[in-house]
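Right, one structure below, let's go through it.
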Amino acid sequence: MASLVSSKVSRVPLLFKSCSRLMAAVQRNYADMAFTFASPYDVYYKDAKVKQIDVPTFSGNFGILPNHVPTLAVLKPGVVNVFEEDGTNKKFFVSSGSVTINDDSSIQVLAEEAHPLDRLDAAAIREGLSKAHQEVSSASTEAAKAEAQIAVECFEALQKALE
Amino acid sequence: MEVILSRAAPLLVPQCGQAQVRGMATLKEIRLRLKSVTNIQKITKSMKMVSAAKYAKAERELKPARQYGHGAKAFYQKAEIAQDKTKPNHLVVVMSSDRGLCGGIHSSIVKHIRAKLEEEGSAVDTKFIIIGDKAKGILQRTLAQNVLISFNDYGKRPPTFSDAALVANTLLNLDYKYDRATLIFNTFKSVISYITTELPLYNPDAIQSAQKIHLYDSLDDDVLKSYNEFSLASLVLFAMKEGACSEQSSRMTAMDAASKNAGEMIGKLTLTFNRTRQAVITRELIEIISGAAAL
């Protein structure tokens with residue numbers, strides 16, 4: 001019996017914690033943005049509160065602040081810039097993906113590949129770029145040429161990100 | 001009466017002889033069975049170890065992939081896009097794999113599909129795209145004409161984005177014009193349980209006709225098309241990761257149970273083996289002693 005009581009007592013703060021988390025989530029829906037930034041292999045932000053996010057898309061680079069108008073966009077190779085609540089600025093390179101801004105101010109940035117800039121290796125990029133250039137000139141079909149062109153664009157964006 | 005007896009007599013003789021031989025033969029038979037069961041146990045045990053390692057990796061990979069998948073699903077939920085269930089052309093993407101010996105993973109998916117087909121009736125024309133040989137093998141027996149494309153050589157290595165992109169590309173370049181599509185896969189819950197889940201996939205028409213789509217600013221067809229294609233690949237990858245993790249965990253439990261059963265069998269067989277061995281020794285002793293007494 002005693003153990004039963006103690007197990008119930010120990011559950012109370014847990015319940016309170018999950019309730020308060022729920023309340024925070026409800027509040028967040030109205031005031032701030034719930035920012036999710038993930039690639040299939042890494043999750044960088046999950047329903048996090050941030051100040052601003054700059055994303056590179058095919059319709060141009062743009063910054064997202066809370067209460068942005070709902071929209072969809074397609075990422076192009078470039079740098080996603082995240083300004084966190086405490087003012088720190090984090091940069092990630094993304095290869096491609098999608099940006100979703102919903103009407104409840106939740107934001108999903110999903111990338112095929114996303115990595116912090118310090119993971120990038122300048123020498124490997126230079127090598128990859130020259131290889132991609134070669135592939136463009138040696139490509140025989142239209143599709144292969146387009147693929148190689150995309151690789152070149154991606155490597156150029158990588159190089160630019162490191163500058 | 002005589003006839004019966006004369007027929008019975010030669011029948012009885014070899015039976016007596018057999019009983020004597022059988023004692024020896026069973027001993028040998030039991031030894032052989034014991035050996036083979038021990039070997040099987042060794043195999044299932046090592047398979048369990050392998051799948052435990054693979055499961056640990058799959059679960060680690062599932063965590064980010066799940067977030068990613070929920071992110072990809074979010075737009076479709078929040079924009080309240082719905083499938084038009086009255087339309088007849090239905091495409092089902094079946095997430096299975098090439099490998100068996102993993103409990104009811106593949107058959108639960110097929111069972112789910114069968115129930116779904118029955119529920120929808122003959123008015124709906126359902127076509128399948130199957131990933132993995134196992135579900136293909138089962139579905140092809142009865143629904144061969146409904147299978148459009150199947151992928152194999154899947155399930156040995158963990159799924160990657162390029163696998164998902166290949167499937168998504170095939171879906172997009174399909175000749176079959178579908179009105180709605182559903183992805184069926186096993187969602188990993190815990191080591192001992194998984195749930196067969198349906199995930200609706202949307203084509204651009206469905207998105208255009210959604211109620212809340214007008215809330216979204218500056219959408220041109222190009223953006224919507226690219227966005228939808230990328231989301232499709234993301235959702236397929238999410239389903240692949242969930243499926244792979246459930247499969248490995250299920251294989252782990254299945255192999256664990258198999259090893260346990262083999263252990264039980266070994267115990268029983270050893271007991272019978274020893275009992276028979278003793279019986280043989282006893283009988284031989286009796287034979288010797290009674291032989292000596294007769295002299």
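The values are calculated or read from the model by the stated rules, or taken from the named source; none is laboratory data. Source: prediction; values computed, not measured. Backbone-built Cβ (ideal geometry, glycine too); neighbour counts: all protein chains shown.
Residue check: is A:Asp86 within 17 Å of B:Gly71 (Cα to Cα) and among the acidic types (Asp, Glu)? Before the answer, list the steps.
On the way: within 17 Å of B:Gly71 (Cα to Cα): no; among the acidic types (Asp, Glu): yes.
When the stated conditions are applied, A:Asp86 does not pass them.
Starting from segment A:49-74, take each residue that is touching a residue at least 60 places away in the same chain (Cβ under 8 Å) and closer than 19 Å to B:Ala72 by Cα and list its partners that are of a type in the set (Ser, Thr, Tyr) and outside any strand (DSSP E or B), counting only C-beta distances under 8 angstrom and pairs at least six apart or across chains.
Matching pairs, first to second residue: none at all.
Taking the conditions exactly as written (within 23 Å of B:Ser246 (Cα to Cα) and crowded, with 20+ Cβ neighbours inside 10 Å), does B:Ile192 satisfy them or not?
No: the conditions fail for B:Ile192.
Given the structure, is B:His90 in contact with a Gly (Cβ under 9 Å, 6 or more places away or on another chain), more than 14 Å from every other protein chain (Cβ to nearest Cβ) and within 16 Å of B:Leu183 (Cα to Cα)?
no
Restricting attention to segment B:79-107, which residues are within 19 Å of the chain's Cα centre (by Cα), over 21 Å from B:Thr44 (Cβ atoms) and small (Gly, Ala, Ser)?
Correct list: B:Ser96 only.
If you go through segment A:97-129 one residue at a time, how many are closer than 30 Å to B:His214 by Cβ and either among the hydrophobic types (A, V, I, L, M, F, W, C) or crowded, with 18+ Cβ neighbours inside 10 Å (or both)?
The number of residues fulfilling the criteria is 14.
Looking for something among the small types (Gly, Ala, Ser) and away from chain B (no Cβ under 13 Å) - is there at least one such residue anywhere in segment A:83-92?
To start, the set of residues in segment A:83-92 that are among the small types (Gly, Ala, Ser) comprises A:87.
After this cut, where a residue has to be away from chain B (no Cβ under 13 Å) as well, the list is A:87.
Yes; the residues of segment A:83-92 include at least one that is among the small types (Gly, Ala, Ser) and away from chain B (no Cβ under 13 Å).
Take the residues of segment A:93-105 that are within 14 Å of another protein chain (Cβ to nearest Cβ) and under 14 Å from the mean Cα position of the chain (by Cα): which is farthest from A:Ile150 (Cα to Cα)?
A:Ile101
So, in segment B:56-87, exactly how many residues are in a helix (DSSP H, G or I), more than 10 Å from chain A (Cβ to nearest Cβ) and in contact (Cβ under 8 Å) with a residue 60 or more places away in the chain?
Looking only at that region, the number is 4.
Given B:Leu224, B:Leu285, which one is surrounded by 17 or more Cβ atoms within 10 Å (Cβ to Cβ), of a type in the set (A, V, I, L, M) and part of a helix (DSSP H, G or I)?
B:Leu224
Specify the residue that is farthest from B:Val223 (Cα to Cα); the eligible residues are those in segment A:56-79 that are of a type in the set (A, V, I, L, M) and within 13 Å of another protein chain (Cβ to nearest Cβ).
Once the filter is applied, the top-ranked residue is A:Ile64.
Quick check on my filter: what residues within segment B:209-251 are touching a Cys at 6+ places or on another chain (Cβ under 7 Å) and not acidic (Asp, Glu)?
Taking segment B:209-251 and keeping what is touching a Cys at 6+ places or on another chain (Cβ under 7 Å), we get B:247, B:250-251.
Correct list: B:Ser250, B:Arg251.
I need a count of the residues in segment B:136-171 that are in contact (Cβ under 8 Å) with a residue 40 or more places away in the chain, loosely packed, with under 13 Cβ neighbours inside 10 Å and not acidic (Asp, Glu).
Adding up the residues that qualify gives 1.
Output the number of the condition that B:Ser36 fails; it satisfies all remaining conditions of (1) under 22 Å from B:Asn261 (Cα atoms); (2) small (Gly, Ala, Ser); (3) modelled with pLDDT under 80.
(3)
Considering only segment B:215-269, state which residues are more than 8 Å from every other protein chain (Cβ to nearest Cβ), closer than 18 Å to B:Val191 by Cα, basic (Lys, Arg) and touching a residue at least 12 places away in the same chain (Cβ under 8 Å).
B:Arg251
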